[in-house]
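For reference, the structure is listed below as structure tokens.
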Amino acid sequence: MPSIGRGVVALLLAAAAAALAADPAVITEADIEKIVSTVATSDAERNIVRRRLGGWRELLASQKVRAAPDPDKLRAVNDFVQETPFYCDPILWCAEDFWARPVELLANDGGDCEDFSIAKFFALKSLGIAEDRLRIVYAVYQKPGFTGAHMVLAYYPAPDAEPLILDNINQTVLPASRRADLIPVFSFNSQGLWGAKEAKGRGQPGQEYSAWSDHWKRVQSDAVVRSVSPEQRKSAECQAVIQRSPWCR
């Protein structure tokens with residue numbers, strides 16, 4: 001879960017132009033088997049990894065989904081990604097904050113708000129939705145007795161239109177005006193950063209930020225898929241990280 005206290009500079013963006021030609025959402029059968037051999041330690045885990053990554057591959061290759069109007073693509077991607085259970089970063093990764101690649105979210109069958117948002121972002125891009133219609137939104141989520149940092153994905157039907165929000169907390173795709181529990185702080189994609197005052201798409205993107213740029217490069221890398229063993233989670237260091245996180249309670 002991203003931390004407001006780390007400041008805006010700690011969070012984001014901008015991919016190198018040379019990286020834009022690749023589609024990091026695409027995965028092959030060979031990739032899936034390689035990930036299975038890396039992550040899974042039992043037949044049950046192998047079945048889960050194959051099912052989740054195979055479903056992702058089928059979704060992005062589906063001609064029916066690719067030909068569908070954008071609202072149908074949003075629902076298809078949102079529904080698929082939301083089949084993944086929510087786990088806070090300390091429990092899943094033994095880290096206070098970790099941005100998972102889509103393959104890591106699915107292979108580990110778990111993730112948190114930024115992982116869901118990032119996976120939806122790349123899936124919708126792969127299905128043909130222009131990036132200038134998609135932004136990951138860093139927001140404050142409020143409910144009685146709790147206020148915390150959160151990330152969602154926003155889709156803009158037009159530059160000045162009200163965005164639709166894809167969120168792992170409220171899994172119904174809704175216009176932003178119906179999400180009074182979210183206070184946007186800023187939004188971003190690989191093209192730039194927008195403050196909350198440009199929430200409806202007006203204005204030009206702002207400066208680039210390193211966290212998203214670093215993540216983009218990692219998403220497109222061939223790095224080994226990260227996974228944490230049950231033994232690692234039992235360690236005193238990992239348990240201490242878990243106890244400090246409000247999202248793990």
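Suppose the chain between Ala240 and Arg51 were pulled fully straight at 0.36 nm per residue; how much longer would it get relative to their current alpha carbon spacing?
Contour length minus the Cα-Cα distance gives 64.8 nm.
Mind giving me the nanometre distance, one decimal, between the label points for Phe86 and Ala196, set 7 Å out from Cα along Cα→Cβ?
Each label point is offset 7 Å from its Cα along the Cβ direction, giving 2.1 nm.
Can you work out ³J(HN,Hα) from phi for every residue in the stretch 235-243, in order, using Karplus 6.51 cos²θ - 1.76 cosθ + 1.60 and θ = phi - 60°, giving whole Hz and x for Gly and Pro?
Residue by residue, the stretch 235-243 yields 5, 4, 4, 5, 5, 5, 4, 4, 5 Hz.
Full-extension gain between Glu33 and Glu96, please, as 0.36 nm times their residue separation minus the C-alpha to C-alpha distance.
19.7 nm
If you take the beta carbon distance between Gln142 and Asp43 as r and set R0 to 45 Å, what does 1/(1 + (r/R0)^6) give as a FRET efficiency, to the nearest 0.05?
0.55
Measure out, as a whole number of angstrom, how far apart the alpha-carbon centroids of the stretch 91-123 and the stretch 133-152 sit.
Measuring centre to centre over Cα atoms gives 16 Å.
Quick check: pseudo-label points 7 Å beyond the Cα along Cα→Cβ at Ala158 and Leu174, how many nm apart are they?
Those two pseudo-labels are separated by 2.5 nm.
Each residue of the stretch 182-190 in turn: what ³J(HN,Hα) in whole Hz from Karplus with 6.51, -1.76, 1.60 and θ = phi - 60°, glycine and Pro shown as x?
10, 10, x, 9, 7, 9, 7, 8, 6
Just so you know, all these numbers are worked out from the coordinates, no wet-lab data involved. Bear in mind the structure is a predicted one, so any value in this text is a computation, not a measurement. Cβ sites come from the backbone with ideal geometry, for glycine too, and all protein chains shown count toward neighbours.
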